[in-house]
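This report refers to the structure that appears directly beneath it.
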Amino acid sequence: MTSRERVLTAFDHREPDRVPLWYGASDGLTARLRAHCGCADDEALQDRLHIDFRRVHGRYIGPDLGRTTIWGVERDGAYYGMPTSHPLAGVTTVEEVAAYPLWPSPDWFDWSGLRAQCEAWREYAVIGGPWVVVFTDATELVGMAEFFEKMYTHPEVMQAVLDRVADFYYELATRCFEAAADAFEIFFFGDDFGTQESLIISPKAWREFCKPNIRRFVELGHQADLEVMFHSCGAVTSILDDLVDLGLDALNPIQPAAKGMDLARLKADYGAHLTFHGALDHQHILPFGTPDEVRAEVRRVLDIMAPGGGFCLAPSHDLLLDEFPPENIVAMYDEAAEYGRY
């Protein structure tokens, strides 16, 4: 099978020739892995690690923002950074939301080169679309604590913030799909709704404030004839029925160390409805284990999750970090490529 065929077979809840594999890592770790494996470039590294997915992106052509996001939020720190300003803090009316002067424009993104990126990777399963993070961006604009409080004291105002962010991403995704949706396979978007113990907000609040906009994007992806994969770290079992109800195709990244995210139970209860993408422990095994322990964990995960298809192996977080031992990463992918054969 080609990588593309392998992934689409797994997403169809059938068994391909082997379990598909995904890679995501910091620039620092990728450079270390290239050196460790003797690979000349990133593409050679992904081939060495048996990776079946490739990801394409639009081109940002908007104003120079420095460390400020497209939403006017200042950020600082390693990797993704953290917000250091909240320009909509103190907002109390829908009119103030509408009058915010720093709303971004979809014209800041160029999708004209997307098709050429996709065509270069036709043998792979290509992930496309903007990275839609409605809830995260809305809470950064207001400030998380204030946003959570105002979900109760000013619900219509917080809903206005969410909808304004969602409308921007909806237009961005629409333009992306018009440019090249027939040239890639998977629309991937998400938000981090889970903590180590539970949802970050109540399931009731999630259904009121978050679920409707997620439905908009799932339906938009399906209208473009794409598989739709949603991202949320953490303990999200309390909304898995909702994700099935939304018609979601796949869930990433499956964090097995989070409360309630037992792999056997997830597979038994939801394996017929959701393709699971992830599940290799990013919190303990990959950073602190030995290569032999990593290989043993890969086998354990595959024994549970691989039967019947509907599973793609990846770390339980999208970004492998600089400090992870390269030998552990190589052990994960090599073991999965060999032991994950059907």
*List, in order, the whole-Hz ³J(HN,Hα) value for each residue of the stretch 147-154 obtained from phi through the Karplus relation with A = 6.51, B = -1.76, C = 1.60 and θ = phi - 60°; use x for Gly and Pro.*
4, 4, 4, 6, 4, 9, 8, 9
_Straight-distance crosslink candidates among lysines, where the alpha carbon sits under 17 Å from LYS259 and sequence neighbours closer than 8 are dropped_ = LYS267
*Note the full-extension length gain between MET1 and HIS57 as 0.36 nm times their separation in residues minus their Cα-Cα distance, in nm to one decimal.*
17.6 nm
*asked:* Taking amide H atoms as placed 1.01 Å from N in the peptide plane, list the residues 5 or more away in sequence, or in a different chain, whose amide H sits under 5 Å from that of LEU280.
replied: ALA314, SER316
_From the C-alpha gyration tensor of the chain, square roots of 5λ in Å_ = 33, 22, 20
*Under 15 Å Cα-Cα from LYS211, which aspartates and glutamates qualify once same-chain neighbours fewer than 8 residues away are excluded?*
ASP163, ASP167, ASP191, ASP192, GLU219, ASP241, ASP242, ASP245
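Bear in mind these aren't lab numbers, they're just calculated from the coordinates by the rules spelled out. All of these numbers come straight from a predicted model, not from anything done at the bench.
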